[in-house]
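Read through the structure below, which is laid out as C-alpha cells, and then see the notes.
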Amino acid sequence: MHFEYNVKSGDFSNAGSASSQIKKVLKQLNVDSVTIKRIVVALYEAEVNVVAHSFGGTIFADVTAEEIILVLKDTGPGIPDITKAMQEGFSTASPQVREMGFGAGMGLPNIKKNADKLEIRSEVGVGTEVKIMVKLS
C-alpha cells in the first residue's frame, strides 16, 4: 500500500494528521500496538520538523507485510550539520515555534530511537529527505 500526504510549512494545527491516518491503517492491518506506537512517534516527530523547519514537503508511506518505509521530503534551509542536529536538546527552532511548545531538540533523536533504520540526506538551501524504516513482523 502506498500513501502520500502534503505538509504545509507553519501549519501546526494539522501537524500529526498523517501520523494519525497511518495509525488507523496499521490498526486495521493488526500491527501490534508497540510497533504502531514506535511508528507514530517517529512519523509525528518528522512531520512536526517539516512543519517547523521547512517551506513544506511531502510524506510518502509504503506499507508491506514486512515493513513500513516513510520518506519525508521537504524544501527549505536544509540541515548544515546532521551530526549536531542528532544531539538531544540541539534545536534551530524559532522563538515562535518554541512558544507553541515545539523545538525542544528531541525530534531527530526520538525518530532514531523508534526507527529500525534512519537515513537523513540534506542539502543547505535546498531541503531535507528523511527515510524511516520499521519492521512490522
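Coordinate-derived values only; no laboratory data. These numbers were taken from a predicted model, which means no experiment stands behind them. Here Cβ is always computed from backbone atoms with ideal geometry, including for glycine, and neighbour counts include all displayed protein chains.
Annotations
- Charged neighbours of Asn6, selected by a Cβ distance under 13 Å, balance to -2 (K, R count +1; D, E count -1).
- Listed residue pairs exceeding 27 Å between alpha carbons, taken from Lys24/Lys73; Lys24/Lys113; Lys23/Lys84: Lys23/Lys84
- Multiplying the residue separation of Thr83 and Thr64 by 0.36 nm and subtracting their alpha-carbon distance yields 3.8 nm.
- The distance linking the range 88-117 with the range 3-18 is 16 Å (Cα centroid to Cα centroid, whole angstrom).
- Within the shell of other residues whose beta carbon sits under 14 angstrom from the beta carbon of Ala15, the net charge comes to -3, with Lys and Arg scored +1 and Asp and Glu -1.
- Fully extended contour minus Cα-Cα distance, from Arg121 to Ser20, at 0.36 nm per residue: 33.8 nm
- Most positive-pole-ward Cα, Gly57, Val134, Pro95, against dipole of the chain from beta carbon charges: Val134
- Counted charge near Asn114, where neighbours are those whose Cβ lies closer than 15 Å (Asp, Glu -1; Lys, Arg +1): +1
- A straight chain from Met133 to Asn110 at 0.36 nm per residue would run longer than the Cα-Cα distance by 6.9 nm.
- The charge dipole of the range 23-137, taken about its Cα centre with unit charges on the Cβ of Lys, Arg, Asp and Glu (plus for the first two, minus for the last two), comes to roughly 280 debye.
- Structure-based [θ]222 nm, the chain - -39500 (n - 2.57) summed over DSSP H runs of at least 4, per residue, nearest 500: -10500 deg cm²/dmol
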